[in-house]
1. Using DSSP H assignments, which helices in the chain have an axial alpha-carbon span of 20 Å or above and a mean Kyte-Doolittle hydropathy of -0.5 or higher?
2. Which of Ser233, Ser212 has the fewest other C-beta atoms within 10 Å, and how do the rest follow up to the most?
3. Output the pairs from Lys48/Lys95; Lys285/Lys307; Lys227/Lys294 with a Cα-Cα distance over 22 Å in this structure; if there are none, say none.
4. Normalised by the number of residues in the chain, what is the relative contact order in percent for Cα pairs under 8 Å and 6+ residues apart?
5. If you place +1 on the Cβ of every Lys and Arg and -1 on the Cβ of every Asp and Glu, how big does the dipole about the Cα centre of the chain come out, in debye to the nearest 20?
Amino acid sequence: MPTLLRLTIFLAALAASAAAHAGKVQGPDIRIDDVTRFYALYDATDGKPSVAQIEQDYLAGGTQSLHEFAKLRRVTAQSIADRLASDPAIYANAKDCLAALPAVKKRLIVSFDRLATLYPQARFPPVAIVVGRGRPVGITNPAGVTIGLEALCAADIMNPDVEDRFVHVIAHEYAHIQQTMDTEFEKGDPNATVLRLALAEGAAEFIGELISGNVGNARHAAWTRGKELEIESAFVRDMDGTDLTAWFYDRRIGSDEPYDMGYWVGYRIVKAYYLQAKDRKAALKEIIEIDDPKAFLAKSGWTPGMKLPESIDAAD
């Protein structure tokens, strides 16, 4: 082969490799500024900072992510101090979870690249790790994902493996970043139905599994096995109402009882929709962009208690 031709082929291959590398998602920008500041204060005060110190040395100088998290989830200096006093272990143990973040990021690179392939419009804003009052585990908004370190670190009921827990929960939250369905309503709004929230959370569980290998809350599978018809028949009775108490945000701290069953039912409805689709990539786009919960449910083919595979792969 002539030297010039060999060189041309080599340069073309190099350019193709560079282009492929440039198109890869490099993984989340995981920001720990707030955590670093909190634990500097925590260590300096032997784990007992005052309300004033938490306000001045942690919250006041926090990132925008921390400020939004605090505003939306009632995180105050007083609420953190109260939780530190009542449950000091949750903050002491949370420091250990920071060690898992490099491995978490490495795995999320693969997950995010898969999401970008399946849904090219996907966005990947940063992940901010903050310290709160023990809840919530995480929130999303257009600016990114915010994870409560101590809350997710303590949530071993979801998954006993810390690394797995962070990967799958962050994948779930990134699904929320992509979603377009409105779930923010005033109390009592007739549009704020159990079905709507179930589809929003169920879609995030399904997409998280599709890209990372498992759902955010791995316990649902065991809790519901053999009870699918009973649980889902009850869901049908409640799905058009706006009383969420039986289906969402009902975990009792210290209890091993099932909770957030609306996530699981929504996940199964979304899975049924995906499995019946002839074009899986188009189906994923429709799942992300749900705008009519009742129409989506009707098209899904889901029925209470129907048999579905426990997990699904994008290549299936």
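1. Membrane-span-like by this criterion, though nothing is claimed about a membrane: 3-23, 101-118, 162-178, 194-212, 261-276.
2. Going from least to most buried by this count: Ser233, Ser212.
3. Where the Cα-Cα span goes over 22 Å, the pairs concerned are Lys285/Lys307; Lys227/Lys294.
4. 15 percent
5. 820 debye
Read-outs throughout are calculated quantities, based only on the coordinates presented, and are distinct from any laboratory measurement. Treat the numbers as computed from the prediction; the structure is a model and nothing was measured. Using ideal geometry, Cβ is built from the backbone for each residue, glycine included, and neighbour counts are taken over all protein chains shown.
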